[in-house]
1. Whole number please: convex hull volume per residue of the Cα set in region 303-365, in Å³?
2. Place the peptides 153-160, 380-387 in order of packing, highest mean first, counting for every residue the other Cβ atoms within 10 Å and averaging per peptide.
3. If you wrap region 1-114's Cα atoms in a convex hull and average its projection over all directions, what's the area in nm²?
4. Considering only C-alpha atoms, what is the centroid distance from region 95-159 to region 211-256, in Å?
5. For Met399, Met212, which order do you get if you count the other beta carbons within 10 Å of each Cβ and list the fewest first?
6. Can you find, among Ile222, Ala114, Phe97, the residue farthest towards the positive end of the dipole of region 91-234? Put +1 on the C-beta of Lys and Arg, -1 on that of Asp and Glu.
7. When the expected Rg is taken as 2.2 N^0.38 Å, what fraction or multiple of it is the alpha-carbon Rg of region 347-417?
8. What Kirkwood hydrodynamic radius, in Å, does region 113-253 give when the mean of 1/r is taken over all pairs of distinct Cα atoms and then inverted?
Amino acid sequence: MRFSRLLIPTTKETPNDATLASHIYLIRGGFIQSVGDSGLYNYLPLGKKILDKVRMVVKEELDKVGCQEVSLSFVTPVSLWEESGRADEYGKELLRFKDRKENNYLLSPTNEEAMVNLVRQTVKSYKQLPLNLYQINLKFRDEIRPRFGLMRGREFLMKDAYSFHATFEDMQREFTVMEETYKRIFTRLGLNFRVVQADSGQIGGDGSKEFMILADSGEDDIVVCDACDYGANVEVAENAKDGDVCSCGVPLRMTKGIEAGHIFQLGMKYSEALKATFLNEDGKAQAYEMGTYGIGVSRLLAGIIEQNHDDKGCIWTKESAPFDLQIIISNIKDEDQVALGEKLYASMLEKGVDVLLDERKDRFGAKMKDYELIGVPHAVVIGKKLTDGLVEFVTRDGMEKEEISADGIFELLSERF
Ligand SMILES: Nc1ncnc2c1ncn2[C@@H]1O[C@H](COP(=O)(O)OP(=O)(O)OP(=O)(O)O)[C@@H](O)[C@H]1O
Ligand SMILES: [Mg+2]
Ligand SMILES: [Zn+2]
């Protein structure tokens, strides 16, 4: 892609309501744009690209373990939520409205009811189980305090999966599969995270786990052990404090996390309420054992930046980066710089590398500022030193610069990409 053709409205101005690095840089880097009403955002080309990349990582890992993607309607009839009893229970986060015939609807904040409704219309027998269905689509929650940009929006992208089983043991087996799958997703995205025990309501035990991105700006207090993998949300480890001793003998540490994922053993709560049954081996109707598994896909974008930024801007991780490589031509009036830049660009495109060529007329300083703000992991800077046959290979993390000969750069790039 050519920078001059791309809609990347970078700006020096920090939005008034922004305090977190991720919020500031996602706006300043031209990834997203506030709709002017809190908690609602437009994704501009770079933001959409990253969202799709993160979405793809989530999808690939889920598909590998046999989950099937579907997409439920964003609007849900309130009658389904009356069956589960949540229509009155859910509170003001639920946005409700009527159609022209005075029928009641809601904008889905989560989809247990709708997914149970799908399954009760399509699955009849234990032979069709287990089943794990997921979707990656918009959710709406009328949050009391939408804030921190994508971290707590009102409209946001969520991956929600629901599994259906004939037995409690099989549901627990799937819960473990999902925990491992989530670990792979978070690892691929380059995140430093912890899995912590969370409130499991009526199920008890280890029936609920949250995936926390470790960051000082996190809204959740968690307690972790650095020796074993124990971790818990302070909501469930109520009296825990810094220095308490873990069951493995090592002192516990209190820290902050961003909740990016949540897996939950639901049991029969929704299948019983919605009378969703299948015929078991004995030919008897039985309610499904269920699990539910969420990931805040748009929140992940904010989480990645909370962990990976400096005072200049974003430092995207390999699998989340908007481009693999940026080529910066310092002075587009210099024919040699332009010729080399174009040649490198063409050869990278040829190899299938996702490359951004900055061939704008702007000053060199402005281009470097944009590079630092946007945060593509690597760049080749073609500047004045080209007269001595040299270019620079830049690594965004730490802004390390390596001088390379203009011929050598082709080889270096073909090794790296
Ligand atoms: N308002 C929001 N904006 C962006 N992502 C969200 C929002 N609310 C929830 N999520 C994401 O969706 C995932 C699944 O939703 P879940 O109902 O478990 O969240 P939650 O417990 O309400 O989260 P929180 O405690 O942060 O409000 C969460 O783990 C989180 O990553
Ligand atoms: Mg919430
Ligand atoms: Zn421990």
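Every read-out reported here was derived from the displayed coordinates using simple, explicitly stated rules and does not represent laboratory data. Source: prediction; values computed, not measured. Glycine gets a Cβ as well: all are built from the backbone with ideal geometry, and neighbour counts include every protein chain shown.
1. 85
2. Put in order of decreasing packing, that is 153-160, 380-387.
3. Its Cα hull, projected and averaged over all orientations, spans 11.3 nm².
4. 31
5. Listed from fewest to most nearby Cβ atoms, that is Met399, Met212.
6. Result: Phe97, furthest along the dipole toward the positive end.
7. Its radius of gyration relative to the 2.2 N^0.38 Å reference: 1.09.
8. In region 113-253 this quantity evaluates to 17.7 Å.
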